[in-house]
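Worksheet: the structure to be examined is printed underneath.
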Amino acid sequence: MHVSDFLAAAVQLTSGQDPELNFNAAEEQIDLAARRGAELIGLPENFAFMGEDSRRLELAPTLAEQSSRFLVTMARRYQVALLGGGFPVPVGDGSRTLNRAELVDRDGMLLGRYDKIHLFDVDLPDGNTYRESATVNPGRDLPPVVEIPGLCKVGLSICYDVRFPELYRHLVGAGADLLMIPAAFTAFTGKDHWQVLLQARAIENTAYVLAPAQTGVHHGRRQSHGHALVIDPWGTVLADAGVQAGAAIAPVNTNHLGHVRGQMPSLRHRQPTLF
């Protein structure tokens, strides 16, 4: 494990249906975070587009290319490792996409990509219904753990994945020091579940959590919770972006990670043969 101490930023955006405005807003936050010294920056799920499914499907072929190119350009321009936390990638039938996250290094080289496995199909008590699976295909591969040169090993995931702890056990088992959980969490579920789930994933895996987020009202009745967070392996919230566009920025220290894992060696105490 690399012994390093660096700043990580979980960006918070209110993305809408105009990709150009979304990319401009994302760059503004990347610029601000880089100026504050962040070396790893995460953008939330749906950073390039958040709107009607029909419009997303129509734009998907262009959006997929634009989003990948945007990440490469931004990483090189600001010399940061950059995660695009989820954007649509067409599957070829014109009616469905994947929801893909990509992580690039400061030279714009692709380190890893992940297509969201768990899709958000729920009926909430506030009257909102979400059927992500109606237009999104689930990914077929487990999320990767990738090493960011000179920083740490990170595990990728997206939003609704946070409710499936076995996925994060897989990531930590594969060597992750930091779990990236970019999201567009609904305001209704977020107020009760968002921080609790993220702290649980950090505590049970003794790992850092970087959770970029969408915030505010997007279109129609869709409202996101906000509160992008950086959490340490003890479960302490190091930074919270609140409910405005911005970023949660905090240090990631692998010495501290090793110290916590030494004090609380729960990963070593697992009894996998019992389950």
> Just to be sure, is Glu39 of a type in the set (D, E, K, R), touching a residue at least 24 places away in the same chain (Cβ under 8 Å) and under 23 Å from Cys152 (Cβ atoms)?
Replying inline: yes
> Restricting attention to segment 244-275, and to residues there that are part of a strand (DSSP E or B) and among the β-branched types (Val, Ile, Thr), which single residue is nearest to the chain's Cα centre (by Cα)?
Replying inline: Ile249
> Can you name the condition, by its number, that Pro143 falls short on among (1) outside any loop (DSSP other than H, G, I, E, B); (2) buried (at least 21 other Cβ atoms within 10 Å of the Cβ)?
Replying inline: (1)
> Which condition does Gly94 not pass, out of (1) closer than 30 Å to Arg131 by Cα; (2) part of a strand (DSSP E or B); (3) not charged (D, E, K, R), if it passes all the others?
Replying inline: (2)
>> Can you tell me which condition His256 does not meet? The list is (1) closer than 24 Å to Phe87 by Cα; (2) free of Cβ contacts under 8 Å to residues at least 40 places away in the same chain, and all the others hold.
In response: (1)
>> Of everything in segment 35-67, what is under 28 Å from Ile249 (Cα atoms), surrounded by 19 or more Cβ atoms within 10 Å (Cβ to Cβ) and of a type in the set (D, E, K, R)? Give them in sequence order.
In response: Glu39, Glu45
> Can you name the residue in segment 146-174 that is β-branched (Val, Ile, Thr) and not in a strand (DSSP E or B) and, of all such residues, is farthest from His225 (Cα to Cα)?
Replying inline: Ile148
> Can you name every residue in segment 42-61 that is of a type outside the set (D, E, K, R) and without any contact (Cβ under 8 Å) to a residue 12 or more places away in the chain?
Replying inline: Ser54
>> I'm checking my understanding of the structure. Among residues of segment 111-132 that are within 30 Å of Tyr78 (Cα to Cα) and touching an Asp or Glu at 6+ places or on another chain (Cβ under 6 Å), which one is surrounded by the most Cβ atoms within 10 Å (Cβ to Cβ)?
In response: Arg113
> How many residues does segment 215-243 contain that are small (Gly, Ala, Ser), part of a loop (DSSP other than H, G, I, E, B) and within 26 Å of Pro125 (Cβ to Cβ)?
Replying inline: 4
> Before we move on, is Glu45 closer than 26 Å to Leu151 by Cβ and modelled with pLDDT of 95 or more?
Replying inline: yes
> How many residues are among the charged types (D, E, K, R) and on the phi > 0 side of the Ramachandran plot if we restrict to segment 160-219?
Replying inline: 0
> Would you call Val196 without any contact (Cβ under 8 Å) to a residue 12 or more places away in the chain, assigned to a helix (DSSP H, G or I) and of a type outside the set (D, E, K, R)?
Replying inline: yes
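The values are calculated or read from the model by the stated rules, or taken from the named source; none is laboratory data. This one's a predicted model, so the numbers in the text were calculated from it and none came from an experiment. Don't worry about glycine lacking a Cβ; one is built from the backbone with ideal geometry, like all the others, and counts go over all protein chains shown.
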